[in-house]
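Reviewing the structure listed below.
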Amino acid sequence: MNVKRLLLILVCLTYVSDIYAGTPEAKHYKTENVIVLVMDGPRYSETWGDPTHQYIPRMANDMAQHGVIYTGFRNNGPTYTAAGHTAICTGKYQRLDNTGRQYPKNPSMFQYWLKATGKKRTAAYVISSKDKLALLTNCKNKKWRDKYRPYSDCGVNGFQTGYRSDLETYDKSIEILKKDKPNLVLINFRQPDSWGHAGNWKRYLDGIKKSDEFIYNIFRYIQLDEQYKDKTTIFVTNDHGRHLDGRKDGFISHGDNCEGCRMINCFAYGPDFKRGVITDVSRELIDIPATIGELLGFEIEKSDGEVMKELFIKC
């Protein structure tokens, strides 16, 4: 028996013995970076729920075949901006002030990851058209407050400086990705939500299409950049939906437990994930940070989310 075959047998025996002994299998993922892209507040009926996909042509025609699309993805907590983004970042649903003046109770994935890796703050970033989402950089937990905080670039110039355009957020995102090369990033595009609240149906739809284009451009940047290509996982989702037609004031508002507010879009892409798959497995916002922790090798304590195992390529 040659040496290579003997080594292979020993590795297999070790793997089997570990399983029966109950010890966890060592995980070796290709993912080194994760980017979460949030299209703020469109209804599922105008995104993947529309069979024509006319408002998300980039996701449907240029991205879907490279990753996994969920048709059963939900926000099962409070359906408004601050709470939806908090769920994405902490793995916990929490009702909190939607103005941005209240930090989440629990540490975020950014804080856990920065502590686990010892990396500098610019390795983790919150980038947002909405200034209030600077709230995602900190928490109320006394052991974690003001510690291991990610950098942020939110609104005009930080909290309470006003919202900015999604074009500015896109330009800032590319600038930060080029300059700082962060490993863990959340980016928010606000237009669908803002125009929905304004009651402007045409601009609401246009906001979805523009967000779709910005998201695709970041997707392409990641595929081509030497730092990120073949090493980066991307999640595209929404923080909440909106009321369906006939429910209260329809697309103008959101915030309750109706199906229009809860049902949202999710697309996942990365070197460790399957490709060209549409799945009806039921998942929710709090499962995103649990899956990110699995990929990057850190644990979010007390998270209520589950790892989205169906995404992963099976050996």
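The values are calculated or read from the model by the stated rules, or taken from the named source; none is laboratory data. Computed from a predicted structure; not experimentally measured. Every residue, glycine among them, receives a Cβ derived from its backbone with ideal geometry; neighbour counts consider all protein chains shown. Remember, those area values only see protein heavy atoms, side chains included, never the ligands or the DNA or RNA. Shrake-Rupley method; radii C 1.70, N 1.55, O 1.52, S 1.80 Å.
Take the Cα radius of gyration of segment 65-152 and divide it by 2.2 N^0.38 Å, N being the number of residues; the result is 1.14.
The string of couplings for segment 31-36 from the Karplus curve (6.51, -1.76, 1.60, θ = phi - 60°) is 5, 10, 9, 9, 10, 9 Hz, one whole number per residue in order, with x for Gly and Pro. Modelled spin labels at GLN54 and ASN200, positioned 7 Å past Cα toward Cβ, are 2.0 nm from each other. Extension gain, ILE313 to TYR29, is 101.2 nm, computed as 0.36 nm per intervening residue step minus the present C-alpha separation.
Taking Lys and Arg as +1 and Asp and Glu as -1, the other residues whose beta-carbon sits under 10 Å from that of THR86 total +2. Counted over the chain, the DSSP beta bridges are approximately 30% antiparallel.
Here segment 45-105 yields Rg over Rh of 1.10, to two decimals, using C-alpha coordinates and the Kirkwood radius.
Between helix 81-90 and the chain there is an angle of about 10 degrees, using the helix long axis and the longest principal axis of the Cα atoms.
Beyond a 23 Å Cα-Cα separation, which of these cross-linked pairs lie in this structure: LYS105/LYS209; LYS210/LYS309; LYS181/LYS302; LYS181/LYS314; LYS140/LYS210; LYS120/LYS143? Too far apart for the 23 Å limit: LYS105/LYS209; LYS210/LYS309; LYS181/LYS302; LYS181/LYS314; LYS140/LYS210. Contact order for segment 180-277, expressed relative to its length and based on alpha carbon pairs under 8 Å spaced 6+ residues apart, stands at 23 percent. Based on the Kirkwood approach, the hydrodynamic radius assigned to the chain is 19.9 Å, with every pair of different Cα atoms included. The calculated FRET efficiency for the pair LYS274 and LEU167, based on their C-beta separation and a Förster distance of 35 Å, comes to about 0.60. Once C-alpha pairs closer than 8 Å and six or more residues apart are averaged by separation and normalised to the residue number of the chain, the relative contact order reads 30 percent. Solvent exposure of segment 63-205 amounts to 40 Å² per residue of accessible area, where only protein heavy atoms count and the probe is 1.4 Å.
May I ask you to derive the FRET efficiency for CYS258 and ARG95 from their Cβ-Cβ distance with R0 = 22 Å, giving the value to the nearest 0.05? Once the sixth-power term is evaluated, E becomes 0.85. Per atom type, segment 182-315 shows carbon and sulfur on 46% of its accessible surface, probed at 1.4 Å.
The angle between the Cα long axis of helix 166-179 and the longest principal axis of the Cα atoms of the chain comes to about 30 degrees, rounded to the nearest 10. To the nearest ten degrees, helix 201-224 and the longest principal axis of the Cα atoms of the chain are 30 degrees apart.
Sort out for me the Cα centre separation of segment 49-74 from segment 203-244, rounded to whole Å. Taking the Cα centre of each part, segment 49-74 and segment 203-244 sit 11 Å apart. Sorted largest first by accessible area at a 1.4 angstrom probe radius, with every protein chain in place, the residues ASP166, ASP180 fall in the order ASP180, ASP166.
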